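Trainee: My structure is below; once you've seen it, I'll send some questions.
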Amino acid sequence: MITGLAHVSIVVPDLDAAARELDAKYGLKIGAIKVNTEQGVRMAYVELANAKIELMEPAGANSPVAKFLEKNPRGGIHHFSLGVDSVDAVTADMKNRGVRVLGDGTQKNVHGERIAFVHPADFLGALVELEDKREAKK
């Protein structure tokens, strides 16, 4: 079952510059910068009351978000993430309904939560990440 909005992810060309801009213009502070080597990104979160804003910068030229920046040099919204109570159950149900799920649910985010993605063509043109929120509680 989908349990809520987890975060909106924005790819930025310069994470440090983006953090300064969010602070100066909106008073928003980012948390600790982390590197997800599996996904090839440097990232940080703005914690809000009901969700997060995730900022991602490519950690190298081969990062999938580097390709996103080639098409969108100023950056932009990359995906949004929905929390789920079981990535296995939700992705199995979605596949049974004809939804294309990208990944097998073994990939993990920087918090150790298992994730999978829904193909943009199957969710109104938006890339959707599914985060197994049970993993965060362990």
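Trainee: Given a Förster distance of 25 Å, report the FRET efficiency between D85 and K34 from their Cβ-Cβ distance, rounded to the nearest 0.05.
Mentor: 0.55
Trainee: Follow-up. Taking 7 Å along the Cα-to-C-beta vector as the label spot, tell me the N62-D122 distance in nanometres, rounded to one decimal.
Mentor: Result for the modelled spin labels: 2.8 nm.
Trainee: Mind listing the long-range amide H neighbours of A126? Cut-off is under 5 Å, sequence gap 5 or more, other chains count too, H placed in the peptide plane at 1.01 Å from N.
Mentor: Placed amide hydrogens put nothing under 5 Å from A126.
Trainee: Here is a further query. Skipping prolines and chain starts, which residues have an amide H placed within reach, meaning under 5 Å, of the one on M56, given they are 5 or more residues away or on another chain?
Mentor: I10, V11, V12
Trainee: Additional query: Work out from phi, with θ = phi - 60° and the Karplus expression 6.51 cos²θ - 1.76 cosθ + 1.60, the ³J(HN,Hα) of each residue of the range 114-121, listed in order in whole Hz, and give x for Gly and Pro.
Mentor: 3J(HN,Hα) across the range 114-121, in whole Hz: 5, 9, 8, 10, 9, 4, x, 5.
Trainee: Given R₀ = 30 Å, what would the calculated FRET efficiency be for A17 paired with T106, taking r from the Cβ atoms and rounding to 0.05?
Mentor: 0.35
Trainee: Can you work out the accessible area per residue across the chain, with the rest of the protein chains kept in place, probe 1.4 Å, in square angstrom?
Mentor: Per residue, the chain has an accessible area of 56 Å².
Trainee: What is the set of long-range amide H partners of G83 at a cut-off below 5 Å, with H atoms built 1.01 Å from backbone N?
Mentor: Amide H neighbours of G83: T3, G4, L5, A6, E131.
Trainee: Using every alpha carbon pair in the range 6-72, what percent of pairs falls into each 5 Å bin from 0 up to the bin containing the largest distance?
Mentor: Each 5 Å bin holds this share of Cα pairs: 4, 19, 27, 26, 15, 8, 1.
Trainee: What are the semi-axes of the equivalent ellipsoid for the chain, taken as the square roots of 5 times the Cα gyration tensor eigenvalues, largest first, in whole Å?
Mentor: Here the semi-axes work out to 25, 17, 14 Å.
The values are calculated or read from the model by the stated rules, or taken from the named source; none is laboratory data. What you see is a predicted model; the values in this text were computed from it and never measured. Positions of Cβ are generated from backbone atoms using ideal geometry, with glycine treated the same way; all protein chains shown enter the neighbour counts. Heads up: the accessible areas ignore ligands, DNA and RNA and are worked out on the full protein's heavy atoms, side chains in. Shrake-Rupley method; radii C 1.70, N 1.55, O 1.52, S 1.80 Å.
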